[in-house]
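The values are calculated or read from the model by the stated rules, or taken from the named source; none is laboratory data. Source: prediction; values computed, not measured. In this analysis, Cβ positions are derived from the backbone assuming ideal geometry, glycine residues included, and neighbour counts consider all displayed protein chains. Remember, those area values only see protein heavy atoms, side chains included, never the ligands or the DNA or RNA. Shrake-Rupley method; radii C 1.70, N 1.55, O 1.52, S 1.80 Å.
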Amino acid sequence: LSHPMSAMAARLLFVLAVAVARASGQHPFPPLRSEEGRRLAAPALQSAASALGFKLEAVHTLGLHETGSWVAHSRRLVEQGAASGPTDGGRRLYSGTTRRDFVRLLMQLNVVAYTISDPYLEDVLKPVVEAGDSMYGPSVKTYAEEVAKEAADFAAQWAEVRNEGNVTVAEGRLGLDSAALDSVGVHALEFSAPAVGRLLVFRGSFSSGDFDNIKAWISGFIVKKGTAMLKNQWVTVGGLPWTEKLQGQKNSITLVPSESVFSTGSWWYYSSFHTQILDLAKKSGMDAAKVAETGYWEFTKAVTESVRTSLAAGEKLTMSGHSQGGARAALASMYLEKKYNEKHDTVTFAAVGGLCFSRDLDYTSGNMLADVDPYTMHDQVTEYVHPLDVYGHFDYDVGKVCSYGTTGLAESKARQYCEEVFGYTAAQLMVAGTVPGTSDLANAFARCRYNTHAVLEMSARLMNDTFLLEDGTTDGGCSTKSAIPKGDAKCPSEVWNTADGCDDELSCKSCAISTSTAGLACEWCAGDGVCRSIATTWYKSCNTSWVKGSQCGGEVDFASPVAHFSVAIIVCSVLSMLPHLY
């Protein structure tokens, strides 16, 4: 409360309370944790205070956390009504007027959800900045300058977000500290401002727990469908030619059987993670049986439910996330749609898709079918993704997809750096750096991600009006694909199937540059949207006609390919060295 005598009275009361507590000596204070809570609409309290000559400015809550480990304190500023205008306590609250403004606010929140700036290693970025290709421009010439720029960028976005509204950690009353690199648990932020209501933003892969959790989501897709998706991204989404260099790249190094190594290593890591989350479930009062089946999903639901139940009447909720966090936001949106018949605006960035893994999680017998419907498309979800973002195209998106960065793509830095990796298989990229002789490939893959997937780079691109238009659409356009029916082969049936042949291809162009597992050419049926080996197209029906090669409009025709074989060398040590998924 604000009143001529209230400040002095509050100080005296606080000093008295501390003195009494210390004098008693029998019940020492447990540690105190304070945070700035979300803004509160309390017209009745404001009116009552006004009648007594006071102005209600904030509500404080204080109580022993359910774990008994600390006293939880929250300070929530009270909305002052229309008279307060677009500023509050010296802050300029968010006042954007276009969809583009709102998308950019969400992008900023996704940046700061990562807690700290986390640049790529020097071996990755040094060649980039020395070539004048830093995301901050050619004036950045050293790795140290790049790191300093990223730290300053991150700090500036934090300051901007705090100036535009209230930001708190959304921990779903679980009492988990999920902010650190070595933590386990779902990390999310809550943002509130009068113009937008409540925003719930899930962090992407950052902690060790995040990296382990995602293995159950997309390992099967990477092994079975990832390589086909890479080809589809390059020739169909990006509209780029498939060159002889790309065609031969996956055979230019001798690797262990990458698919088997990746699958086995992911299983090994997930097994250890499984034990960790079961312990976490017990400490947090979660259903351990459900956590055993679905990993972080139960924690995600708890965070989502906590935010939903705290909404004021008529208050809008928007969900968002980047990378793994984007998939989590999309799933949370699907969950609220199925359980409460509510559609909440959801905006994701470079998200892992969720149409397949939600049906059948890898390394467990679980799925999310009781909570979400992956057999239909969800028009409240919008995804922003670069055409050459590898991680952003693993699995299929659940709603509308807006492709940005297509303008000038052929001459872009993204194309330059990603061309060094797109010819390899998805599994080869995942295990690169763990096999002797592949560190250069690992660094090249990181440079591709720096130009397409990194959250600060994505934020910079979406600040460009050429890429993000005023109405929220993009230079590459926005569209929604058809739903994937139950049992459709587009979703991998099980993680150990390592075949990469014609059947997995997603477009006529990618079909034209592919071969069957026996090395035979592939043909495309536009009417059915399927790709098949020429060994079967002579007797399999097609609603239109089977076409191949230049008939698909590809700039390179591999109509008469031959099979390629590489020598497999078993290297068991790679199992403990698998790179992180971002």
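Of note:
- Relative to the current alpha-carbon distance between Ala313 and Ala370, full extension at 0.36 nm per residue lengthens the span by 17.7 nm.
- Cα gyration tensor shape of the range 242-345, rounded if a/c is under 1.5, else prolate or oblate by comparing a/b with b/c: oblate
- Shape of the range 355-431, Cα gyration tensor, a/c cut at 1.5: oblate
- Residue-wise HN-Hα coupling along the range 344-360, computed from phi with Karplus coefficients 6.51, -1.76, 1.60 (Hz; x: Gly, Pro): 10, 3, 9, 10, 10, 10, 6, 7, 5, x, x, 6, 9, 5, 5, 7, 7
- For Phe154, the shell of other residues with beta-carbons less than 12 Å away shows a net charge of -3, using +1 for Lys and Arg and -1 for Asp and Glu.
- Contour excess over end-to-end distance, with Cα ends at Lys141 and Met463 and 0.36 nm allotted per residue: 113.6 nm
- Carbon/sulfur fraction of accessible area - the range 118-262, other protein chains in place, 1.4 Å, %: 54
- Ligands, DNA and RNA are left out, and with a 1.4 angstrom probe the accessible area of the range 179-278 is 27 Å² per residue.
- Per-residue ³J(HN,Hα) for the range 461-472, Karplus 6.51 cos²θ - 1.76 cosθ + 1.60, θ = phi - 60°, Hz, x for Gly and Pro: 5, 6, 7, 8, 5, 5, 8, 10, 8, 4, 7, x
- Cys511 sits among other residues whose Cβ lies under 11 Å from its own Cβ, and their net charge, with Lys and Arg +1 and Asp and Glu -1, is 0.
- Summing charges over neighbours of Arg532, with a neighbour being any other residue whose Cβ is under 10 Å away from its Cβ, gives -3 when K and R count +1 and D and E count -1.
- The range 407-416 - phi-based ³J(HN,Hα) in whole Hz, Karplus 6.51/-1.76/1.60, Gly and Pro as x: 5, x, 4, 4, 9, 7, 5, 4, 5, 4
- For the cross-link pairs Lys301/Lys509; Lys339/Lys481; Lys215/Lys490, the ones whose C-alpha atoms lie over 30 Å apart are Lys301/Lys509.
- Shape of the range 364-481, Cα gyration tensor, a/c cut at 1.5: oblate
- Probe 1.4 Å, all protein chains present, accessible-area order of Lys290, Lys283, largest first: Lys283, Lys290
- Accessible surface of Glu130 - all protein chains present, 1.4 Å probe, nearest 10 Å²: 110
- Full extension of the chain between Ala483 and Gln276 yields a length gain of 71.0 nm, computed as 0.36 nm times the residue separation minus the alpha carbon distance.
- Computed label-point distance, nm, for sites Tyr340 and Lys540 using a 7 Å Cα→Cβ extension: 4.5
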